[in-house]
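K.L.:
The structure follows.
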Amino acid sequence: GIVSRTGGTGFGFNARVNFMIPTWGDFKLEFKLIGDDVFAGFSFVDVTSSFTDIGFCISVNLSTYYLYEVGTNILNFGGRLPTDALRIERSGGDVKYYVNDALRYTQPLSSPTQFSSGFMVFDSTLAGPGSRIENILLTYL
């Protein structure tokens, strides 16, 4: 699927989308971020249109990627290419962040059982004009 910000000018946290993800086992969420100030990942809840409530998130601005967990920046790295494929994966007791199948960061979960039942949400914020998320794919492992 594709999600895009079609209205507004300038920067603003005013476009978002979410959908439910059943948490039965391990999964990976794949996508491409187009434009700047785009945030995508998954959460246990979706409260606002800000990126600060996205539980596990990859963002992009200019040539730099940013990893956030509940609004806290945990890692930055450069080298962004327009063709980059991104992935956030829940595997066992870890959340893993990938760019083009290369592992960039692993976050051990403080409580892996929080994924054992119920649902999460795909959560995103599109703050930059013309920003979008493409090739959204959820796969169970």
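The values are calculated or read from the model by the stated rules, or taken from the named source; none is laboratory data. Model, not experiment: these values are computed from the prediction. Here the Cβ positions follow ideal geometry from the backbone for every residue, glycine too, while neighbour counts run over all protein chains shown. What goes into the accessible areas is simple: the full protein's heavy atoms, side chains included, and nothing from ligands, DNA or RNA. Shrake-Rupley method; radii C 1.70, N 1.55, O 1.52, S 1.80 Å.
K.L.:
Work through the residues other than THR106 whose Cβ is under 10 Å from its Cβ and net out their charges, Lys, Arg +1 and Asp, Glu -1.
P.N.:
It works out to a net charge of 0.
K.L.:
Top to bottom by accessible area (1.4 Å), largest first, where do ASP123, ASP53 land?
P.N.:
Per-residue accessible area, sorted high to low, gives ASP53, ASP123.
K.L.:
So, counting K/R as plus one and D/E as minus one, what does the shell of residues with Cβ under 15 Å around THR139 add up to?
P.N.:
Neighbour charge sum, excluding THR139 itself: 0.
K.L.:
Calculate, in nm to one decimal, what THR106 and THR72 gain on full extension: separation in residues at 0.36 nm each, minus their alpha carbon distance.
P.N.:
Taking THR106 through THR72 to full extension adds about 10.7 nm, to one decimal.
K.L.:
Moving on to the next point. Ranked highest first by the average count of other Cβ atoms within 10 Å around their residues, in what order do 84-93, 130-139, 101-110 fall?
P.N.:
Per-residue mean Cβ counts within 10 Å order the peptides as 84-93, 130-139, 101-110.
K.L.:
Name the chymotrypsin sites (Phe, Trp or Tyr not before Pro) in segment 28-74 that are in a loop by DSSP and that have at most 10 other C-beta atoms within 10 Å, would you?
P.N.:
Listed in order of number, the matching sites amount to none.
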